[in-house]
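Undergrad: Before we start, here is the structure in question, set down as structure tokens.
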């Protein structure tokens with residue numbers, strides 16, 4: 001496959017602050033790539049450089065064959081993290097307006113806007129003012145506005161932020177539809193569950209550096225399976241079980257603990273369970289779990305992707 005996007009040794013510095021460090025990865029044409037990391041890991045700075053909105057400090061970016069995103073901006077659709085549509089416009093007017101900024105004739109933009117709104121269940125809302133729409137509806141309208149010109153490359157910055165589960169599912173369906181129509185999609189998020197369901201590939205970013213690049217399955221494979229034990233169990237008792245390491249107390253309520261522990265490669269969960277009962281441990285729940293992308297991210301980076309980092313504040317201040 002041919003790469004639609006290539007970053008080669010890209011760095012970004014704001015004065016003395018290093019936001020992105022020697023970042024390299026590729027996104028293949030027609031794929032969905034998750035650009036993942038905690039809030040403030042450097043994702044938004046990277047997106048701005050890809051779009052040509054900020055210069056790179058070092059390295060090289062190629063998007064759709066161009067060395068500057070501004071040269072192919074009419075072939076790119078972008079949904080920024082900071083939302084904003086004119087509140088007194090109707091959805092049709094707003095979508096057609098943004099399409100016109102990308103060179104789409106007004107009449108064609110309005111026609112596509114009506115068709116796309118109906119396809120997303122927003123046909124009844126097309127004549128309302130933007131200010132009268134729910135947050136979920138507004139976010140769908142803004143996504144439609146960013147892709148009404150049928151771009152080859154779509155960049156979505158935290159597209160799921162603030163949406164309820166129903167609207168999150170609807171947005172996931174829209175993203176799948178974009179890829180099915182041949183677009184390449186890069187979306188940033190700190191919520192791993194969306195990436196697990198959507199992505200052909202993920203790039204994990206931590207403190208401005210790439211921590212991992214590969215498929216979701218490959219990311220999960222970097223992290224061992226783990227056990228969850230619940231009962232009146234002391235951490236040192238759990239540590240003595242065969243094949244168990246990295247014991248962590250998840251909760252402790254009146255002496256009833258939930259304990260999480262890694263299960264070594266080749267170790268068998270039933271051996272740990274058998275040893276627990278033979279040792280007289282008070283086990284009320286025993287569960288063997290496969291690692292998710294969230295677990296893999298913590299294992300690869302030491303960061304919790306749901307926690308804010310100082311980088312976000314530093315980026316916003318510049």
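Undergrad: Only bridges with both residues in the chain count here: give the DSSP antiparallel percent, nearest 5.
TA: Looking only at bridges with both residues in the chain, the antiparallel portion is about 70 percent.
Undergrad: Which of 44, 189, 57 ends up with the largest GNM mean-square fluctuation for the chain, with Cα atoms connected below 10 Å?
TA: So, out of 44, 189, 57, the one fluctuating most is 57.
Undergrad: Return one number: the angle in degrees, 0 to 90 and rounded to the nearest 10, between the long axis of the Cα atoms of helix 269-278 and the longest principal axis of the Cα atoms of the chain.
TA: That helix lies at roughly 40 degrees to the long axis.
Undergrad: Give me the angle, in degrees from 0 to 90, between the Cα long axis of helix 106-119 and the longest principal axis of the Cα atoms of the chain, rounded to the nearest 10.
TA: On a 0 to 90 degree scale, this one is about 30.
Undergrad: Looking only at 187, 297, 25, which one moves most when the chain is put into a Gaussian network model with springs between Cα atoms under 10 Å?
TA: Among 187, 297, 25, the largest GNM mean-square fluctuation belongs to 25.
Undergrad: Further question on the same structure: Could you state the angle between the C-alpha long axis of helix 135-147 and the longest principal axis of the C-alpha atoms of the chain, as a value from 0 to 90 degrees rounded to the nearest 10?
TA: 60 degrees
Undergrad: Evaluate E = 1/(1 + (r/R0)^6) for residue 29 and residue 251, where r is the Cβ-Cβ distance and R0 equals 41 Å; express this FRET efficiency to the nearest 0.05.
TA: 0.35
Undergrad: So, by mean Cβ neighbours within 10 angstrom, what's the order for 266-273, 225-232 with the highest one leading?
TA: 225-232, 266-273
Undergrad: Note down the nm distance, to one decimal, between modelled labels 7 Å out along Cα→Cβ at residue 108 and at residue 68.
TA: Each label point is offset 7 Å from its Cα along the Cβ direction, giving 2.6 nm.
Undergrad: To continue, here is another question. Could you state the number of Å between the C-alpha centres of the range 144-187 and the range 48-66?
TA: Each part reduced to its Cα centre gives a spacing of 22 Å.
Undergrad: Order of 197, 284, 265 from fewest to most other C-beta atoms within 10 Å?
TA: With the sparsest Cβ surroundings first, the list reads 265, 284, 197.
Undergrad: Follow-up question, since we're still on this one. For Cα pairs less than 8 Å apart in space and 6+ apart in sequence, what is the mean separation divided by the residue count of the range 48-164, i.e. the relative contact order in percent?
TA: 34 percent
Undergrad: Given [x] 23.1, 76; [y] 26.2, 86; [z] 20.6, 75 as candidate values of Rg and Dmax of the Cα atoms in Å, which corresponds to the one derived from the coordinates?
TA: Answer label, from the structure shown: [x].
Undergrad: Do the sum for the chain: with -39,500 (n - 2.57) for every DSSP H run of n ≥ 4, divided by all residues, what is the mean residue ellipticity at 222 nm, to the nearest 500 deg cm²/dmol?
TA: The helix contribution divided over the chain gives -10000 deg cm²/dmol.
Undergrad: Residue 53 to residue 6: extension gain in nm, 0.36 nm per residue of separation minus the Cα-Cα distance?
TA: The span from residue 53 to residue 6 would gain 15.3 nm if fully extended.
Undergrad: Could you work out the relative contact order of the range 3-220, using alpha carbon pairs under 8 angstrom and six or more residues apart, expressed as a whole percent?
TA: 29 percent
Undergrad: State the extension gain, in nm to one decimal, for the chain segment bounded by residue 88 and residue 60, taking 0.36 nm per residue of separation less the distance between their alpha-carbons.
TA: 6.0 nm
Undergrad: Right, next: Estimate the FRET efficiency between residue 22 and residue 161 by the formula 1/(1 + (r/R0)^6), using the beta-carbon distance for r and 41 Å for R0, to the nearest 0.05.
TA: So the FRET efficiency works out to roughly 0.90.
Each value in this text was obtained by applying a stated rule to the coordinates, not by laboratory testing. Here the structure is a predicted model, which means the values were calculated and not measured. Glycine also receives a Cβ, built like all others from the backbone with ideal geometry; neighbour counts cover every protein chain displayed.
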